[in-house]
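Data first, discussion second: the structure below is written as structure tokens.
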Amino acid sequence: MLKSPVLRAVVAACVIVFLVCFGVFCYYYVKYQKIVDKRFYGPIFANTAKIYAQPREVRVGQKADPEEIANYLRHAGYTEEGERGESKLGEYRVLKDAVEIKPGSESYYNAEGAVVRVAAGKVDRIVSLARDGGDLSAYDMEPQLVTGLFDTQQRTKRRIVKYDDIPKVMVNAVISIEDRQFFHHSGVNFGRLVEAALIDLKEGGDVQGASTITMQVARGFFLSPEKKFKRKLIEILISFELEQRFSKKQIFELYANEVDMGQRGSFTITGFGEAANAYFGKDLKDVTLPEAALLAGLVQRPSYLSPYRHPQRAVDRRNLVLQAMVETGSITQAQADVAKATPLKLAPQNVEASDAPYFVDLIRDQLVSKYGEDELNHEGYRVYTTIDPPLQKAAADAVVVGLKEADAAINKLRTRRVKVGKKYETKVLPGPQAQVALVALDPHTGEVLALVGGRNYGWSQLNHAVAKRPTGSIFKPFVYATAVNNDLTNQQPVFTPATLVDDSPTAFINGDDVYTPRNFEEKYYGQVTAQKALDLSLNNATVKVAEMVGYDKVAALAKAAGIMSVQPTPAMALGSYDATPMEMASAYTVFANAGTRITPLMVKSVRDPNGDVLDNYEPQKTQVLDPRVAFVITQMLEGVINNGTGVSVRARGFTAPAAGKTGSSHDAWFAGYTSNLLCVVWVGFDDYSDVKLTGAALALPIWTEFMKRAVALPEYSDAAPFTPPPGVVQLTLDKATNQIATPACPDDYTTAFIDGTQPTLTCEQNAANQASHGNFFQRMLGVEPKPAPPASNNIGNTGQGQTQAAVPNASAPQQTQQPEKKKGFWGRLFGSGNDKKDDNKQNQPAANGAGNRPPL
């Protein structure tokens, strides 16, 4: 047949070319088959540990709604009874005015279920589903997934989803815009490929990709995104391999978990599961039609189409996807029109509000040291933590609001009128940007409920919550606690909130060093009560208290509370030594938790993918102070908020019973607590320069904003007055005399005393004593009656700078200070006699019973 030599040569050449091509194809087919086999051998995606939140407690009497409870359970991974793909975590059923909860085999509790009944918008009854049944006062629901740990090198986050978990509307949206023939072709749409090539040749560019979903999977798992002819051929080859190895549903599942969906903070969003949470704050199975269309549209160019940075582009692309769904018959035109009219409803962009990345970083550091990086990234452990998502959101939002105010205050401080040429212009001088840390914990369990480590995790991963900084005046309560503690250790003198302290400029000698603290704005008050000294954060008075009680004792108490860097020096009393916000939060549990310090707890349990316990964690507790001393300090710190440097807490609308302390050094601090929540806020600069503003100006607004949001949540709405322990007496004292107030002395304040150290006279009795000092004619002529002995413990400064203190002991000999003789009428008129008290004369305070205190 092939008689012509030319024809035979052509046929032979074609056969040779075919054989060569076939051989090359077979070589590369086998080569990439091995690559595909190797890549998909074992787990396809890194099964990183999952971080779960604090379980939500439902209590009888708490505000509640059955649908809201059902929505919470759905987000926690439960499925509705009868729903396809039953969850091993559990299921729920919505009844009339009730929700039935049934934990599954892999539940955190794996225990009894319950029926939560709601009436008039509140939980009316909780009935156990256990065999013995009965009513419950509270019920803990399944913890919600916060996020997954991440690969430290790639910093990628994904939530793996199964094909059955992907709603049909999501599949249809992707197919309509990305690959309409996906379920019909064999991996490559040759017609679309040729069409794209012709368009590129005609336009002289390389714009048309024409990649099918299978080809995109091939590129995502094995190739770089560069557009080269060789890469396209390899992509096609691998696509054939994938179509041979996997079903269409499996390929779509690979695609859904691998596709790049943009950036969130410093993390890459990978897959539709993580994208649904990042953009809408919900599970993928709950996305609506317009939300599914938006996600499908982002696949093309996630950064360019970001709905946060370019909302109009995102909406235009979403509407294009919706119209494509009409063309494929997935939806009707009417449905598309309704979806197109739907505005963007995005989750807050604040990554702190949902992912708590600084908190997760601390969790990672803790777990890596025990389990190792590989084990955490591949075993799929479940890490049950203490984070409370609603409270974390409150913290993140409060930081955003508070930093705007802080930035404005700092910029105002930097604003100057500068001469530019012949004119003056108002300019803001350059300077560092303020950073922030917020730590909130349960003062009775030590559980860290919310944590913010900086103003923007995407900009800086430095966690300021665990960075050491000088503590400033939030350290001062430990000075006063040491002094009050003397009452219980038979040390002298007895010290109470009504003890008088000398707030005068003083030089303190410490070895060869001389320490001369100054008060804020150089204001000095002379003799003041300890309560007022703490209220106004008076530096000289506080150092004198520390000197009186002993620097070593103050340092010992601080170290017992966990502030380990302190040294027994005068500067210690004013917080010159470093501690982290986390350490200070732990230290303040000593006051908020009846004298017991609790170490912060972030991880409660680590379990394997089946729910079996690997480790459980408990906080460490140490008794540091007697509960009576802790309560006295708490009452004094209430005074700081109600009458002192923290008074703007009340002015800003936070009305719940609270105790707290401002702090100012180079940085700004505020530490405070209610009966059920403790929070420490720090604001400062990374370069350690002075913020030049007080804790009341920078940190207090953030603390107040956070606490206002916190008490609006059901779990923290029942902040109660602080309850005194046995052995504590609360008295209302007259401000003028520091004696027990009566209706005749309405200008008063309330404080606490350890029983036996409280005043016993009323303000009227004190006035009677004062009257016994002489009538008008006696005072005019300078004739003084024998003075009644005063009865206040008094910390005063002597001429040599040494501290003297009274010893209130009824059995001790009475030691009274000789009063300076007053001038008579003629002496005052003509100036005869002494007109000055000797500056070097030692002021020896009286040592009577604690009941008679001189006026302030």
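So which residues in the stretch 623-667 are free of Cβ contacts under 8 Å to residues at least 40 places away in the same chain and either crowded, with 24+ Cβ neighbours inside 10 Å or under 15 Å from residue 587 (Cα atoms) (or both), if there are any at all? I'd like the intermediate steps shown before the answer.
Our first condition is that a residue be free of Cβ contacts under 8 Å to residues at least 40 places away in the same chain; within the stretch 623-667, this holds for 623, 641-642, 647, 650-651, 655.
Passing the criteria: 623, 641.
The residues on offer are 382, 301, 309, and the sole one that is of a type in the set (Lys, Arg) and buried (at least 16 other Cβ atoms within 10 Å of the Cβ) is 382. Residue 520: open to solvent by 10 Å² or more (accessible area, probe 1.4 Å), in contact (Cβ under 8 Å) with a residue 60 or more places away in the chain, out of contact with any strand residue (DSSP E or B) (no Cβ under 7 Å at 6 or more places or on another chain) and aromatic (Phe, Trp, Tyr), yes or no? So residue 520 passes the test.
Quick one: which of 275, 292 is under 22 Å from residue 343 (Cα atoms), in a helix (DSSP H, G or I) and under 24 Å from the mean Cα position of the chain (by Cα)?
Details: 292 fails: under 24 Å from the mean Cα position of the chain (by Cα).
Of 275, 292, the one residue that is under 22 Å from residue 343 (Cα atoms), in a helix (DSSP H, G or I) and under 24 Å from the mean Cα position of the chain (by Cα) is 275.
Of all residues in the stretch 35-53, which are modelled with pLDDT of 90 or more and open to solvent by 30 Å² or more (accessible area, probe 1.4 Å)? Listed by number, the list is empty, since nothing qualifies.
Residues of the stretch 562-592 that are part of a loop (DSSP other than H, G, I, E, B) and surrounded by fewer than 24 Cβ atoms within 10 Å (Cβ to Cβ): 562, 563, 564, 565, 567, 568, 569, 576, 577, 580. Being within 37 Å of the chain's Cα centre (by Cα) and part of a loop (DSSP other than H, G, I, E, B) is the filter here; which residues of the stretch 165-186 pass it? Selection gives 166, 167.
Quick check: is even one residue across the stretch 100-111 farther than 27 Å from residue 159 by Cα and outside any loop (DSSP other than H, G, I, E, B)? Explain how you work it out, then say what you get.
Of the residues in the stretch 100-111, the ones farther than 27 Å from residue 159 by Cα are 100.
This time we only want the ones that are outside any loop (DSSP other than H, G, I, E, B), so: 100.
Within the stretch 100-111, one or more residues are farther than 27 Å from residue 159 by Cα and outside any loop (DSSP other than H, G, I, E, B).
Pairing residues of the stretch 165-191 that are farther than 29 Å from residue 87 by Cβ with residues that are among the aromatic types (Phe, Trp, Tyr), at Cβ distances under 8 Å and at least 6 apart in sequence or on separate chains, gives 186/240; 187/240; 188/240. Only one of the numbered conditions (1) part of a helix (DSSP H, G or I); (2) more than 30 Å from residue 44 (Cβ to Cβ); (3) in contact with an Asp or Glu (Cβ under 9 Å, 6 or more places away or on another chain); (4) of a type in the set (D, E, K, R) is violated by residue 370, and that is (2).
Please verify whether residue 531 is polar (S, T, N, Q), part of a strand (DSSP E or B) and in contact with a strand residue (DSSP E or B) (Cβ under 8 Å, 6 or more places away or on another chain), treating the condition exactly as stated.
No; evaluated as a whole, the condition is false for this residue.
Of the residues examined, residue 560 is one that is more than 24 Å from the chain's Cα centre (by Cα) and over 30 Å from residue 371 (Cα atoms). Summed over the stretch 141-155, residues that are open to solvent by 30 Å² or more (accessible area, probe 1.4 Å) and either in contact (Cβ under 8 Å) with a residue 40 or more places away in the chain or closer than 17 Å to residue 298 by Cβ (or both) total 6. Being within 25 Å of residue 693 (Cα to Cα) and either surrounded by fewer than 17 Cβ atoms within 10 Å (Cβ to Cβ) or touching a residue at least 24 places away in the same chain (Cβ under 8 Å) (or both) holds for only one residue in 482, 496, 506, 489, and it is 506. Just for the stretch 71-101: of the residues that are polar (S, T, N, Q) and open to solvent by 20 Å² or more (accessible area, probe 1.4 Å), which one is nearest to the chain's Cα centre (by Cα)? Only one residue fits best here, namely 71. Being under 25 Å from residue 662 (Cβ atoms), among the charged types (D, E, K, R) and surrounded by 18 or more Cβ atoms within 10 Å (Cβ to Cβ) is a property that does not hold for residue 407.
The rows are residues; the columns are (1) of a type in the set (A, V, I, L, M, F, W, C); (2) closer than 20 Å to residue 216 by Cβ.
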{"site": "257", "(1), (2)": "no, yes"}
{"site": "266", "(1), (2)": "no, no"}
{"site": "292", "(1), (2)": "yes, yes"}
{"site": "329", "(1), (2)": "no, no"}
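Restricting attention to the stretch 315-338, the residues that are surrounded by fewer than 22 Cβ atoms within 10 Å (Cβ to Cβ) and free of Cβ contacts under 8 Å to residues at least 60 places away in the same chain add up to 12. Of the residues that make up the stretch 122-140, is at least one under 26 Å from residue 281 (Cα atoms), open to solvent by less than 30 Å² (accessible area, probe 1.4 Å) and not in a strand (DSSP E or B)? No: zero hits.
Scan the stretch 171-196 residue by residue and report those that are at pLDDT below 75 and not aliphatic (A, V, I, L, M). Break it down into steps so the answer makes sense when it comes.
Our first condition is that a residue be at pLDDT below 75; within the stretch 171-196, this holds for 189-196.
Scanning the stretch 171-196 gives 189, 190, 191, 192, 195.
The values are calculated or read from the model by the stated rules, or taken from the named source; none is laboratory data. The shown structure was predicted, so the numbers you read here are calculated from the model rather than taken from an experiment. In this analysis, Cβ positions are derived from the backbone assuming ideal geometry, glycine residues included, and neighbour counts consider all displayed protein chains. All accessible areas refer to the heavy atoms of the entire protein, side chains included, with ligands and DNA or RNA removed. Shrake-Rupley method; radii C 1.70, N 1.55, O 1.52, S 1.80 Å.
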